[in-house]
Amino acid sequence: MHITKSALRDFLPITLGTAICGGAVYFLLIPSHLSVGSISGLAIILSNIIPLPISVITFVLNIGLLLLGFLLIGRDFGAKTVYTSVLLPIFLAAFERLAPNPQSITGDVFSDMVCYLFIVSVGQALLFTCNASSGGLDIVGKLLNKFFRIELGKAVALAGMCVALSSAFLYDLKTVALSVLGTYLGGIVLDHFIFGFDQKRRVCILSSRMEEVRDFIINTMHSGATIYEAIGAYDHVPHKEIVVIVNKSEYVQLMAYLEKTDPTAFITVYAVSSVTYQPKPQGGPRP
């Protein structure tokens, strides 16, 4: 387990993200007895039969899973996972001392669940942008992936759903249903927070003024583009198609230019959730 300089720079947003997740669990999940699929959710269930604070149960579960992971998987975790696994129960313990016996903020279990989903997704998005996670069920997912060949995403979702369903042993049907629903919706909301705010668009343009469009993309937008040879299926006439990946503000800028320069241009737009490339050493526009 090696700590790099980039990892050290990430510790502030990781700490903030973990604090947000801890606050969401303590002030929204615990008062409503919801066990939305997570290690904290499992700790909430176990606290009904084990006379220990939820922070202690969460700590024991996280440390136990880390040790199990090291034994069965190897050192495939890194400093960030260890850090968040220990830090989350520390924040829960701090909240237990600062605000013992928390009450429902909204006064309604469903509203607590909805608020929890949005708040915890902000914290988890901070963790994921730093290539970190809160540990816990992610380790369970890796174990299922290794020994049962289940895809990692599905394995984590399966583990979370098992936690939510386990609330049936102690809580009423409404609480169980909300826990399962919250576990399902949590993945959707998290995807929105991770990908939605920085979603790119792939714009494909067929224009009679291609050189002007290319010049605008390269020299005004300072972006890169790819030009393809396209042949019309009806008349077999060759055309040039220019393809560019843009963010939201660049998309608005490009569409405004095309509307003014070539209103007859044929344009198709696709959503792109992630773009990975290696910039050239001397800089320059992205591809």
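What is the sum of charges, Lys and Arg at +1 and Asp and Glu at -1, for the other residues whose Cβ falls under 15 Å from the Cβ of residue 240? Before the final figure, lay out each step's value.
Details: positive: 209, 214; negative: 211, 212, 215, 229, 241, 262.
Every neighbour counted, the sum reads -4.
Filter the chain for me: DSSP H helices, axial length by Cα at least 18 angstrom, mean Kyte-Doolittle hydropathy not below 1.0. List them by residue number.
Values: long enough: 5-24 (29 Å, 0.71); 54-72 (26 Å, 2.54); 79-98 (28 Å, 1.10); 109-129 (30 Å, 1.73); 152-166 (21 Å, 1.73); 173-191 (28 Å, 1.36); 248-261 (20 Å, -0.49).
Membrane-span-like by this rule: 54-72, 79-98, 109-129, 152-166, 173-191.
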- Message: Can you compute the helix-only [θ] at 222 nm over the chain? Use -39500 (n - 2.57) per DSSP H run of at least 4 residues, normalise by all residues, nearest 500 deg cm²/dmol.
- Response: -17500 deg cm²/dmol
- Alpha carbon centre of the stretch 17-40 versus the stretch 42-109: separation in Å? 10 Å
- Mean projected area, convex hull of alpha-carbon positions in the chain, reported to one decimal in nm², is 20.7 nm²
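Trypsin sites (Lys or Arg not before Pro) within the stretch 94-185: which are DSSP loop residues with at most 15 other Cβ atoms inside 10 Å?
Details: sites: 97, 142, 146, 149, 154, 174; in loops: 149.
Those that pass, being in a loop and sparsely packed, are 149.
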- Message: Need one number: nm distance between label points at residue 68 and residue 212, each 7 Å from Cα along Cα→Cβ, rounded to one decimal.
- Response: 6.5 nm
- For the stretch 69-145, which chymotrypsin sites (Phe, Trp or Tyr not before Pro) are in a loop by DSSP, counting at most 14 other Cβ atoms within 10 Å? none
- Query: How big is the stretch 51-193 by the Kirkwood estimate over distinct Cα pairs, in Å?
  - Reply: 16.4 Å
- Using a Gaussian network for the chain with springs between C-alpha atoms less than 10 Å apart, which of these wobbles most: 267, 45, 231? 231
- What's the carbon and sulfur percent of the stretch 90-141's accessible surface, probe 1.4 angstrom, rounded to a whole number? 63 percent
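Can you list which of the chymotrypsin sites (Phe, Trp or Tyr not before Pro) found in the stretch 203-260 are DSSP loop residues with at most 11 other C-beta atoms within 10 Å?
Details: sites: 216, 228, 234, 251, 257; in loops: 234.
Answer by residue number: 234.
Note down the net charge around residue 265, summing +1 for each Lys or Arg and -1 for each Asp or Glu among other residues with Cβ under 15 Å from its Cβ. Provide the component values of the computation, followed by the final result.
Working: positive: 209, 214, 240, 260; negative: 211, 212, 215, 241, 259, 262.
Net local charge, residue 265 excluded: -2.
The values are calculated or read from the model by the stated rules, or taken from the named source; none is laboratory data. Bear in mind the structure is a predicted one, so any value in this text is a computation, not a measurement. Using ideal geometry, Cβ is built from the backbone for each residue, glycine included, and neighbour counts are taken over all protein chains shown. SASA here: full protein model, heavy atoms, side chains in, ligands and nucleic acids out. Shrake-Rupley method; radii C 1.70, N 1.55, O 1.52, S 1.80 Å.
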